[in-house]
Structure formats: structure tokens, C-alpha cells
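**Student:** Pasting a structure below so you can have a look.
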Amino acid sequence: MPKTSCLLAFAILLLIFSCETKNTNTFESDLIIYGGTSAAITAAVQAKKMGKSVIVVSPDTHLGGLSAGGLGFTDTGDKSVIGGLAREFYHRIYLHYQKEDSWNWQKKEEYGKVGQGTPAIDGNARTMWIFEPHAAEKVFEDFVVEYDIQVFRDEWLDRENGVRMENGRIKAITTLSGKTYEGKMFIDATYEGDLMAAAGVSYHIGRESNDTYDETWNGVQFGVFQHRHYFYEPISPYVVLGDPSSGLLPEISDAQLTENGTGDNKVQAYNFRMCLSQHPDNRLAFPKPDGYDPARYELLARVYESGWDETFDKYDPVPNLKTDTNNHGPFSTDYIGKNYAYPEASYEQRKAIIKEHEDYQKGLMYYLANDPKVPEKVRTEMSKWGLAKDEFTDNGNWPHQIYVREARRLIGDYVMTEHDVLGAKAVPQPIGMGSYALDSHNIQRIVTAEGFVQNEGDIGVKPKTPYSISYGTIVPKKQQCENLLVAVCVSSSHTAFGSIRMEPVFMILGQSAATAAALAIDGNLAVQDLLYEKLQERLKADGQVMVLEEKL
């Protein structure tokens with residue numbers, strides 16, 4: 001064969017190979033959703049219901065985020081404003097617990113109806129708001145199967161070079177595995193806001209000053225005690241009582257406190273929402289983590305010495321003699337001040353931060369169960385509890401999702417503030433509703449001017465009525481990106497996000513974001529140019545509650 005013919009044949013083979021490689025590693029869809037949270041799945045379901053192809057690109061192996069990660073004692077607020085697919089989720093939870101074989105460790109009639117601000121089981125509405133982690137995960141997985149949703153798991157966005165932009169739009173995203181996902185519209189449904197950040201849209205981390213949006217509850221909030229998460233009694237922060245020269249105890253910052261209302265780059269504390277069991281056949285003794293040092297918890301010993309006795313106040317009951325165990329008190333499962341770097345950290349750095357949180361919290365539970373400095377009655381009660389053996393079975397019975405209460409927040413077309421949440425102004429273009437308090441966990445643990453330890457950053461201001469959430473909160477500025485919607489890290493101040501950040505609201509916003517994406521595709525429009533009336537009409541038809549007059 002002539003040399004030129006050989007070269008031509010070789011070139012053809014190379015072209016075929018490259019095309020096959022592209023086809024193997026490139027996937028196309030109308031809508032690409034990045035994230036595996038509850039918002040991601042409701043968005044995917046809505047897209048399919050509107051006739052659009054959709055791909056979920058999930059860095060997580062397990063779907064559902066915190067809803068399937070231990071947060072089963074749902075922060076409902078006013079459940080009458082939870083509609084659409086979010087309500088469908090809680091209806092399916094209800095159906096799950098109507099089955100006798102769902103009650104393995106407890107009789108249904110023994111469970112009761114204890115919920116957070118609402119009965120756990122609402123027979124009239126056929127909804128249930130309290131649940132075990134595996135029950136929630138099953139509902140999300142059922143959605144995926146029923147709606148034939150394509151999900152790529154353990155796929156991590158290349159945050160440095162993985163977002164391809166063309167003419168103000170995302171053309172494709174690429175993950176660290178080398179897979180590329182091309183779409184007409186994109187939704188960031190992560191807790192961290194990684195896609196929106198990589199796409200170059202504006203965002204904020206930390207607390208704005210009160211002056212930024214003329215707020216009251218933003219910025220530093222020292223001396224504000226609206227939950228029982230502060231030190232009630234004066235307690236020395238020093239290794240040797242009252243002696244600053246001896247140094248600070250572990251888990252206390254030496255940072256200087258700034259004036260109330262000033263902004264900073266700090267975020268509220270994270271923890272794991274543990275699922276504990278009190279059934280002898282379904283509990284695992286709290287493990288002693290590697291490197292465990294009881295001195296790390298000396299401050300808690302001093303809290304007990306001061307007379308504090310609220311250890312079990314947030315062992316909230318979920319079915320089958322289990323809990324959703326949350327932070328409570330001045331020294332608890334919140335790992336205060338150790339997450340500031342998390343929002344912008346690399347994946348490896350985040351893994352290290354998460355591991356530090358896990359070691360701290362596992363060590364805390366071991367300390368409570370075993371250390372002689374813990375009151376005997378607490379240790380006796382702790383002996384009745386352990387990690388639930390039938391939850392998180394591929395992760396040592398430990399939650400697979402850390403509670404990222406706050407990370408990045410979009411600065412979009414509209415910024416929700418406490419004025420919107422507390423009813424001081426009308427909210428334009430509503431796409432859903434929230435109702436929970438302005439809720440921030442503590443942000444720092446410092447030494448006061450008087451030489452005692454105290455926490456700072458906790459707030460809990462309740463709105464008088466449920467409030468609307470604006471379409472502008474999920475939409476970036478048009479000049480930055482025309483085909484991206486943000487369903488979790490929404491455009492809001494620190495204070496407003498403290499209310500919006502509840503799992504039912506994320507499901508609501510996921511559905512609304514997908515609805516807007518589908519309508520924008522139909523009209524070949526930028527998401528910012530979508531006619532609100534068309535969006536409103538479709539959301540209302542699909543059961544979304546957008547204003548008080550529509551509540552269920």
C-alpha cells in the first residue's frame with residue numbers, strides 16, 4: 001500500500017477512535033443538574049414531568065443530602081406552605097410508614113406523633129414529617145427509578161477547568177473522571193455552590209455587616225441568646241482556672257471579638273445529624289476514635305460542674321426507637337469555628353475538615369458514655385444508646401453527609417434579607433415559601449472581656465407569618481450567566497438564609513428551578529428573560545404554594 005494511503009487510513013482510524021472516545025465520555029441532555037441533594041432530585045423529577053431530558057451529576061453516592069443523611073426531624077415551620085414535589089416526598093414517607101414491615105424495632109402505635117412544630121404524622125393530609133434516614137433515601141431512589149432519571153454518582157466537578165462557557169452561557173461541565181456533560185440549562189443543587197462559583201457568578205461567604213442591607217440580626221451578635229446554646233454560668237476558659245498564662249482549653253478561639261453588627265467571613269457551625277438507637281439489638285456502642293484525647297472535652301466537664309443538665313434535650317425521636325440527634329447546649333455536637341475554610345477549600349481539604357468534624361463528634365459521644373468526669377446519671381443514660389446498626393451500613397453507621405448549614409451564597413438578581421423574611425416588605429415574583437425562624441447556629445467560641453468563655457453567633461428570630469421566596473434568588477445576574485439556576489446556595493443575606501436553608505424549602509426551590517429551566521428551553525430564553533407569569537402559572541398548576549392565600 002502506498003505511503004500516502006497508509007497515512008490516510010491511519011488518520012481515518014484516529015478520527016473514528018476520537019469520536020468513539022468523545023461518545024463514551026460526553027453526555028448530552030436538556031438539563032444538567034449538579035448535586036445529589038433533595039433539591040437535585042426534585043428538580044430532576046420536575047424536568048421529566050415537563051418532558052425534558054435530564055442528567056443528575058452527583059458527587060455523592062447516596063442521594064437526598066441531609067434529608068437522607070440523618071436530618072429526619074424535619075424543620076417544617078408551617079407545613080401548610082409546603083406544596084408540590086416537597087409535599088409529595090412527605091406523602092411518600094407517610095405511605096412508607098403505613099406498612100407493617102416498616103416497623104421493625106417498635107410498634108407503630110407506640111411511636112406517637114411528636115414533631116417539630118407539627119405532628120409527626122398528619123393522617124388528614126396523608127403526610128409524615130419525621131422519618132429514618134434509609135426511608136428518605138428509598139423515596140429519592142424510587143423517584144429516580146419511576147421517572148427514569150439518569151444519575152452519574154461519585155462525579156466531582158473539575159472546579160478549576162471544568163466549566164466551558166460560550167457567549168455568557170455554560171456549554172458543558174467536566175468532572176475529574178474526564179466525563180463531560182453538555183446541556184441547554186444547568187442547575188447548581190449542591191450545598192457548597194461549586195458549580196456557580198466555577199461558572200464565575202458573584203457570591204458571598206460569611207456574615208454581611210448589618211449596614212450592608214440595613215439589617216438587625218446580621219454580623220456579629222455577641223450577647224444574643226435566643227436558643228439554649230450558650231454558657232449560662234461564668235466558666236474559666238483557661239487550662240488552670242482563672243490563669244491566662246496557662247493557655248486556653250481546647251475548642252476555644254483566641255480571636256478578638258469585633259463590634260456587634262460587623263461582618264466577617266465566618267460561617268455557622270457544622271455537625272453530623274446522628275441516627276441513634278436505643279433498641280439493644282440495633283445499637284452499636286460509640287466507637288473510640290483514633291487519637292482520642294479526653295482533654296479535648298475538659299470544657300464540657302466544667303459545664304457539667306456548673307450544674308448544666310440538658311444532655312438529652314435534642315435526642316429527637318424518629319420511628320423505630322431511633323433519634324435525629326442534634327446540637328444542644330453550650331458544648332455539643334456543633335464543631336464551632338472549625339469550618340471557616342470549608343466553602344472555598346479543595347476537595348482534599350474538605351475531606352480533612354470533614355474528618356476533623358467526625359473525630360470531634362465521635363470523641364464527644366465516647367466521652368459522654370465513658371469518662372468519669374461526666375455525671376454518672378448521664379453515663380448511665382448514654383449506655384442505653386448507640387449508633388443505629390441498620391443505618392448508614394456502608395459507612396460504619398455514621399452519616400454520610402455532614403450538615404453544611406451554610407457555605408457560599410449567590411448574589412443574584414434579587415437578594416432576600418431579613419426584611420423579606422420578617423414581612424417588612426413585599427417579595428417580588430414568588431416561586432415558593434418558607435416559614436422557619438431566622439436560625440443561625442453559633443459561629444465562634446471566644447473569651448469575654450471579663451475572662452470567661454462564651455459562644456457567639458446564635459440567633460432564632462421567628463417571622464410572624466410564612467413568607468414568599470423570590471425567583472430572583474435563584475437566578476444569577478444576566479451579564480454573568482444566562483442558563484444557570486441555583487436551588488440551594490440562593491441569593492440571600494446570612495440572616496435570611498438562616499430561615500431559607502431548610503430541607504423542605506430546598507425541595508421546593510429545586511422544583512421551581514427546574515420549571516424555570518424547562519420553560520426557558522421552550523422559549524429559547526435566558527433564565528432572566530423568562531416571563532414570570534408563565535412560570536407562576538405552571539408552578540401553581542403543579543401544586544407549588546407561592547403566597548399565603550394559596551396555603552394548603
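**Student:** For residues that are in a strand (DSSP E or B), more than 23 Å from the chain's Cα centre (by Cα) and not β-branched (V, I, T), tally how many sit in region 117-135.
**Tutor:** Selection size over region 117-135: 1.
**Student:** Looking only at region 128-164, count every residue that is more than 30 Å from W398 (Cα to Cα) and either modelled with pLDDT under 95 or surrounded by 15 or more Cβ atoms within 10 Å (Cβ to Cβ) (or both) and tell me the total.
**Tutor:** The total comes to 2.
**Student:** Turning to a different aspect of this structure: When you scan region 88-95, do you find a residue that is farther than 21 Å from A513 by Cβ, buried (at least 20 other Cβ atoms within 10 Å of the Cβ) and at pLDDT below 95, even just one?
**Tutor:** no
**Student:** Checking the structure you have, find out if any residue of region 437-453 is of a type in the set (A, V, I, L, M), farther than 21 Å from H204 by Cβ and open to solvent by less than 10 Å² (accessible area, probe 1.4 Å).
**Tutor:** Looking through region 437-453, at least one residue is of a type in the set (A, V, I, L, M), farther than 21 Å from H204 by Cβ and open to solvent by less than 10 Å² (accessible area, probe 1.4 Å).
**Student:** Ok, one more. On the given criteria, is E348 open to solvent by 50 Å² or more (accessible area, probe 1.4 Å) and modelled with pLDDT of 95 or more? Break it down into steps so the answer makes sense when it comes.
**Tutor:** On the way: open to solvent by 50 Å² or more (accessible area, probe 1.4 Å): yes; modelled with pLDDT of 95 or more: yes.
Here the answer is yes, as E348 does meet what is asked.
**Student:** With respect to T465, is the statement that it is among the β-branched types (V, I, T), open to solvent by less than 30 Å² (accessible area, probe 1.4 Å), touching a residue at least 60 places away in the same chain (Cβ under 8 Å) and touching a helix residue (DSSP H, G or I) at 6+ places or on another chain (Cβ under 9 Å) true?
**Tutor:** Here the answer is no, as T465 does not meet what is asked.
**Student:** Being open to solvent by 20 Å² or more (accessible area, probe 1.4 Å), in contact with a Ser or Thr (Cβ under 7 Å, 6 or more places away or on another chain) and polar (S, T, N, Q), is that true of even one residue in region 105-123?
**Tutor:** yes
**Student:** Restricting attention to region 297-334, and to residues there that are basic (K, R) and not in a loop (DSSP other than H, G, I, E, B), which single residue is most open to solvent (accessible area, probe 1.4 Å)?
**Tutor:** R302
**Student:** Confirm whether A269 is in a loop (DSSP other than H, G, I, E, B), surrounded by fewer than 17 Cβ atoms within 10 Å (Cβ to Cβ) and modelled with pLDDT of 95 or more.
**Tutor:** no
**Student:** Taking region 286-296 only, how many residues are under 19 Å from S383 (Cβ atoms), among the basic types (K, R) and not in a loop (DSSP other than H, G, I, E, B)?
**Tutor:** Qualifying residue count for the region: 0.
**Student:** What is the residue count in region 388-403 for residues that are part of a loop (DSSP other than H, G, I, E, B), open to solvent by 10 Å² or more (accessible area, probe 1.4 Å) and either under 16 Å from V318 (Cα atoms) or touching a strand residue (DSSP E or B) at 6+ places or on another chain (Cβ under 6 Å) (or both)?
**Tutor:** Filtering region 388-403 for residues part of a loop (DSSP other than H, G, I, E, B) gives 389-402.
Next, from what is left, pick out any that are open to solvent by 10 Å² or more (accessible area, probe 1.4 Å): 389-390, 392-397, 400-401.
Then keep just the ones that are either under 16 Å from V318 (Cα atoms) or touching a strand residue (DSSP E or B) at 6+ places or on another chain (Cβ under 6 Å) (or both); that gives 389-390, 392, 397.
Final tally of qualifying residues: 4.
**Student:** With the requirement that a residue be more than 30 Å from D60 (Cα to Cα) and of a type in the set (A, V, I, L, M, F, W, C), what does region 348-385 give you? It would help to see each step written out before you state the result.
**Tutor:** Filtering region 348-385 down to residues more than 30 Å from D60 (Cα to Cα) leaves 367-384.
Passing the criteria: L368, A369, V374, V378, M382.
**Student:** Scan E160, E155 and give me the residue that is free of Cβ contacts under 8 Å to residues at least 60 places away in the same chain, in a loop (DSSP other than H, G, I, E, B) and either of a type in the set (D, E, K, R) or touching a Cys at 6+ places or on another chain (Cβ under 8 Å) (or both). Write out each step before concluding.
**Tutor:** Details: E155 fails: free of Cβ contacts under 8 Å to residues at least 60 places away in the same chain.
Unique residue meeting the criteria: E160.
**Student:** Quick check on region 487-494. Is at least one of its residues over 16 Å from the mean Cα position of the chain (by Cα), at pLDDT 95 or above, farther than 30 Å from F222 by Cα and crowded, with 24+ Cβ neighbours inside 10 Å?
**Tutor:** no
**Student:** Could you give every pair whose Cβ atoms fall below 7 Å, whose first residue belongs to region 370-399 and is within 19 Å of P294 (Cβ to Cβ), and whose second residue is open to solvent by less than 40 Å² (accessible area, probe 1.4 Å) and in a loop (DSSP other than H, G, I, E, B), counting only separations of at least 6 or pairs across chains?
**Tutor:** Short answer, once both residue conditions are applied: V378/T311.
**Student:** If you go through region 213-240 one residue at a time, how many are touching a Pro at 6+ places or on another chain (Cβ under 7 Å) and in a loop (DSSP other than H, G, I, E, B)? Write out each step before concluding.
**Tutor:** Step one: filter region 213-240 for residues touching a Pro at 6+ places or on another chain (Cβ under 7 Å), giving 229-231, 238.
Among the residues that remain, those that are also in a loop (DSSP other than H, G, I, E, B) are: 229-231.
Summing the residues that are touching a Pro at 6+ places or on another chain (Cβ under 7 Å) and in a loop (DSSP other than H, G, I, E, B) in region 213-240 gives 3.
**Student:** Would you confirm whether or not region 369-383 contains a residue that is within 26 Å of I500 (Cα to Cα), acidic (D, E) and either open to solvent by 20 Å² or more (accessible area, probe 1.4 Å) or assigned to a loop (DSSP other than H, G, I, E, B) (or both)?
**Tutor:** For region 369-383, residues within 26 Å of I500 (Cα to Cα), acidic (D, E) and either open to solvent by 20 Å² or more (accessible area, probe 1.4 Å) or assigned to a loop (DSSP other than H, G, I, E, B) (or both): absent.
**Student:** Only helices (runs of 4 or more DSSP H) wholly contained in region 16-116 count here; list those with 1 or more residues that are basic (K, R) and under 17 Å from V145 (Cβ atoms).
**Tutor:** Qualifying helices (runs of 4 or more DSSP H): 38-49, 84-96.
Per-residue answers, yes or no, for (1) under 30 Å from R164 (Cβ atoms); (2) more than 20 Å from the chain's Cα centre (by Cα); (3) surrounded by 20 or more Cβ atoms within 10 Å (Cβ to Cβ):
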| position | (1), (2), (3) |
| --- | --- |
| I500 | no, no, yes |
| M507 | yes, no, yes |
| A514 | yes, no, yes |
| A517 | yes, yes, yes |
| A520 | yes, yes, yes |
| N524 | yes, yes, no |
| L539 | no, yes, yes |
| L552 | no, yes, no |
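**Student:** Still on this model: So which pairs qualify, if the first residue must be in region 179-200 and free of Cβ contacts under 8 Å to residues at least 60 places away in the same chain, the second must be open to solvent by 10 Å² or more (accessible area, probe 1.4 Å) and part of a strand (DSSP E or B), the Cβ gap must be under 9 Å, and the two must be at least 6 apart or on different chains?
**Tutor:** Once the first residue is free of Cβ contacts under 8 Å to residues at least 60 places away in the same chain and sits in region 179-200, its partners that are open to solvent by 10 Å² or more (accessible area, probe 1.4 Å) and part of a strand (DSSP E or B) give A198/V163.
**Student:** Which of the residues spanning region 194-223 are under 18 Å from L438 (Cβ atoms), open to solvent by 30 Å² or more (accessible area, probe 1.4 Å) and not hydroxyl-bearing (S, T, Y)?
**Tutor:** H204, D211, D214, W217, F222, G223
**Student:** What's the total number of residues in region 351-368 that are among the aliphatic types (A, V, I, L, M) and either open to solvent by 30 Å² or more (accessible area, probe 1.4 Å) or on the phi > 0 side of the Ramachandran plot (or both)?
**Tutor:** 2
**Student:** Tell me, please, whether a residue that is part of a loop (DSSP other than H, G, I, E, B), farther than 30 Å from S245 by Cα and at pLDDT below 95 can be found in region 434-453.
**Tutor:** No, because not a single residue in region 434-453 is part of a loop (DSSP other than H, G, I, E, B), farther than 30 Å from S245 by Cα and at pLDDT below 95.
**Student:** Somewhere in region 58-81, is a residue acidic (D, E), within 21 Å of N271 (Cβ to Cβ) and modelled with pLDDT under 95?
**Tutor:** Yes, some residue in region 58-81 is acidic (D, E), within 21 Å of N271 (Cβ to Cβ) and modelled with pLDDT under 95.
The values are calculated or read from the model by the stated rules, or taken from the named source; none is laboratory data. The structure presented is a predicted model; accordingly, all values stated were derived computationally and were not measured. In this analysis, Cβ positions are derived from the backbone assuming ideal geometry, glycine residues included, and neighbour counts consider all displayed protein chains. Protein only, heavy atoms only, side chains kept; ligands, DNA and RNA dropped before computing areas. Shrake-Rupley method; radii C 1.70, N 1.55, O 1.52, S 1.80 Å.
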